[in-house]
Amino acid sequence: MLIGYARVSTDDQDLSQQRTALQVAGCRRIYEEKVSGAKRDRPQLVRLIDQLRADDVVTVTRLDRLARSTRDLLDIAERLEGAGAGLRSLAEPWADTTSPAGRMVLTVFAGIAEFERALIAERTGTGRVAAKARGVRFGRPPKLTVDQIALARRLVDEGRSPREAARILNVHPSTLYRAFALQPPEDAATGS
C-alpha cells in the first residue's frame, strides 16, 4: 500500500498541494504535520513508521519534506527498511527504494554521508590540535584565577580549613581542591 507523508514547516503554510499530489499518486493514507523538519519530535512521522507493514511504500512529494539532512534521510530509510517498507519521492524518481537502482542510489548517499562525517571529524581534530599548539584552552574557563588560588593557599597555610578558604572565595570546596591539584604550591614549583 502507498502511504503518504506531507509536512510543512509553519502553521502559515498549506498542505493542500502535497496532499493532492500524494492522492493522485495513489496514496490511500496520508500522514500530515506542520512542524519544522529540524525537530526530532515529529509525531505523525513516528506514527506512520509504527504502523508500517511489509511491502508498504512511504511516498513523499520531495525528500526535503521527509528529512532535513542526508543523515536524517538515511536514518529514516533504514527504519523503513527495518519495517520491510520502501520509500518513494515523486519529485526525485531516483529515490525509490522499491527498485534496485533506487537502493543503489541510497547506498551511494550513505557512503557519501559517511565520507563527509569522516572528513568533518578529521578537520575538527586537526583544528583542535592546531588550536592547542597556539595555546587555545578548551572546556570551561577556570573558576579561580592564579591570584585567587595563591590567596587560598595562603589562607590554608595560615591555618584556615580548605572549606573556609572556599567559602571566602565563593566557590565549592571541590573546586578549590581541583585548583590545588592542578597548580602545585609555589615552593614545590620553584624547588625551594
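Please give the number of the condition ALA95 fails out of (1) among the aliphatic types (A, V, I, L, M); (2) closer than 14 Å to TYR5 by Cα; (3) at pLDDT below 90; (4) surrounded by 19 or more Cβ atoms within 10 Å (Cβ to Cβ).
ALA95 satisfies every listed condition except (2).
Please pick out the residue among LEU48, LEU87 that is touching a strand residue (DSSP E or B) at 6+ places or on another chain (Cβ under 7 Å) and in a helix (DSSP H, G or I). Working first, answer last.
Numbers: LEU87 fails: in a helix (DSSP H, G or I).
Of LEU48, LEU87, the one residue that is touching a strand residue (DSSP E or B) at 6+ places or on another chain (Cβ under 7 Å) and in a helix (DSSP H, G or I) is LEU48.
For a quick check of your reading of the model, give me the residue pairs whose first member lies in the stretch 86-99 and is assigned by TED's automatic domain parsing to the domain that holds VAL58, whose second is of a type in the set (S, T, N, Q) and part of a strand (DSSP E or B), with beta-carbon atoms closer than 7 Å and at least 6 apart or on different chains.
Once the first residue is assigned by TED's automatic domain parsing to the domain that holds VAL58 and sits in the stretch 86-99, its partners that are of a type in the set (S, T, N, Q) and part of a strand (DSSP E or B) give ARG88/THR59; LEU90/THR59; ALA95/SER89.
LEU63 - would you say it is assigned by TED's automatic domain parsing to the domain that holds THR20, surrounded by 13 or more Cβ atoms within 10 Å (Cβ to Cβ) and within 15 Å of LEU22 (Cα to Cα)? Steps first, answer last, please.
Numbers: assigned by TED's automatic domain parsing to the domain that holds THR20: yes; surrounded by 13 or more Cβ atoms within 10 Å (Cβ to Cβ): yes; within 15 Å of LEU22 (Cα to Cα): yes.
Yes, satisfied.
Anything in the stretch 140-169 that is without any contact (Cβ under 8 Å) to a residue 24 or more places away in the chain and either within 30 Å of ASP75 (Cβ to Cβ) or among the charged types (D, E, K, R) (or both)? List them, or say none.
Correct list: ARG140, ASP147, ARG154, ASP157, GLU158, ARG160, ARG163, GLU164, ARG167.
So in the stretch 1-14, with the set limited to residues that are over 20 Å from ARG47 (Cβ atoms) and acidic (Asp, Glu), which one is surrounded by the most Cβ atoms within 10 Å (Cβ to Cβ)?
ASP14
Can you tell which of ALA152, ALA101, ALA110, ALA121 is at pLDDT 90 or above and among the small types (Gly, Ala, Ser)?
Numbers: ALA101 fails: at pLDDT 90 or above; ALA110 fails: at pLDDT 90 or above; ALA121 fails: at pLDDT 90 or above.
One residue alone meets the criteria, ALA152.
Suppose we filter the stretch 8-45 for residues that are assigned to a helix (DSSP H, G or I) and over 27 Å from the mean Cα position of the chain (by Cα); how many remain? Explain how you work it out, then say what you get.
Filtering the stretch 8-45 down to residues assigned to a helix (DSSP H, G or I) leaves 16-24, 43-45.
Now drop any that are not over 27 Å from the mean Cα position of the chain (by Cα), which leaves 16-24.
Adding up the residues that qualify gives 9.
Tell me, please, whether a residue that is surrounded by 11 or more Cβ atoms within 10 Å (Cβ to Cβ), of a type in the set (Val, Ile, Thr), closer than 24 Å to GLU78 by Cβ and out of contact with any Gly (no Cβ under 6 Å at 6 or more places or on another chain) can be found in the stretch 15-33.
Scanning the stretch 15-33, I find no residue that is surrounded by 11 or more Cβ atoms within 10 Å (Cβ to Cβ), of a type in the set (Val, Ile, Thr), closer than 24 Å to GLU78 by Cβ and out of contact with any Gly (no Cβ under 6 Å at 6 or more places or on another chain), so the answer is no.
The values are calculated or read from the model by the stated rules, or taken from the named source; none is laboratory data. Since the model is a prediction, treat every value here as computed from it, not as a measurement. Because the Cβ atoms are built from the backbone with ideal geometry, glycine has one as well, and the counts that use them run over all protein chains shown.
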